[in-house]
1. Could you say whether any residue in region 27-39 is part of a helix (DSSP H, G or I), touching a Cys at 6+ places or on another chain (Cβ under 8 Å), among the aliphatic types (A, V, I, L, M) and more than 17 Å from F93 (Cβ to Cβ)?
2. With under 13 Å from the mean Cα position of the chain (by Cα), modelled with pLDDT under 95, surrounded by fewer than 15 Cβ atoms within 10 Å (Cβ to Cβ) and under 20 Å from F92 (Cα atoms) as the only criterion, which of S47, S76 stands out?
3. Among the candidates R82, R89, single out the residue that is over 12 Å from the mean Cα position of the chain (by Cα), within 23 Å of Q40 (Cβ to Cβ) and of a type in the set (K, R).
Amino acid sequence: MKWISVCGIGVVLMLAGCKTAEKSQILTAFQNAGGGEVAQATPQGISSFLAQHEDLRKQLTPLCNAQKAKAPVDWSTSDEGRICTANERANFFGKPQLKSDV
C-alpha cells in the first residue's frame, strides 16, 4: 500500500513540474506562414525562409522588437529568439534588389 502511495505522489509531483510552453504570436505567425518546427531548423534555414516572405518579416519586426526589449538573457536561444534573430538578418540581407536607371 505504501508503494502505491509513493508512486502516486511521485506522478503528481512530476506532472506539477511540467510546463506547457505557450505559443507566442511570433512562433504562431512563423508556423502559420509555413515555417515549420523552429527547434529542428538551422538559423540559416529560418533566415532564408524569412528572406522569401517579406510580409511575414514586416509582421514579425515590431513583435520581435517589443519582445526583445523585455526578454531575459537566454531568450535568444529560445524558438522565439531564434526567429527574431533570423528576422533581423533577413531584414538586412533579404531586401529586394533595386533596379538601376542605367
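1. In the first step, residues of region 27-39 are kept if they are part of a helix (DSSP H, G or I); the result is 27-32, 38-39.
Add one more test, that the residue is touching a Cys at 6+ places or on another chain (Cβ under 8 Å), and what stays is none.
Within region 27-39, not a single residue is part of a helix (DSSP H, G or I), touching a Cys at 6+ places or on another chain (Cβ under 8 Å), among the aliphatic types (A, V, I, L, M) and more than 17 Å from F93 (Cβ to Cβ).
2. On the way: S47 fails: surrounded by fewer than 15 Cβ atoms within 10 Å (Cβ to Cβ).
Going through S47, S76 in turn, just one is under 13 Å from the mean Cα position of the chain (by Cα), modelled with pLDDT under 95, surrounded by fewer than 15 Cβ atoms within 10 Å (Cβ to Cβ) and under 20 Å from F92 (Cα atoms): S76.
3. Numbers: R82 fails: over 12 Å from the mean Cα position of the chain (by Cα).
Selected residue: R89, the only one of R82, R89 that is over 12 Å from the mean Cα position of the chain (by Cα), within 23 Å of Q40 (Cβ to Cβ) and of a type in the set (K, R).
The values are calculated or read from the model by the stated rules, or taken from the named source; none is laboratory data. Keep in mind the model is a prediction, meaning the values are calculated, not measured. Cβ atoms come from the backbone with ideal geometry, glycine included; neighbour counts cover every protein chain shown.
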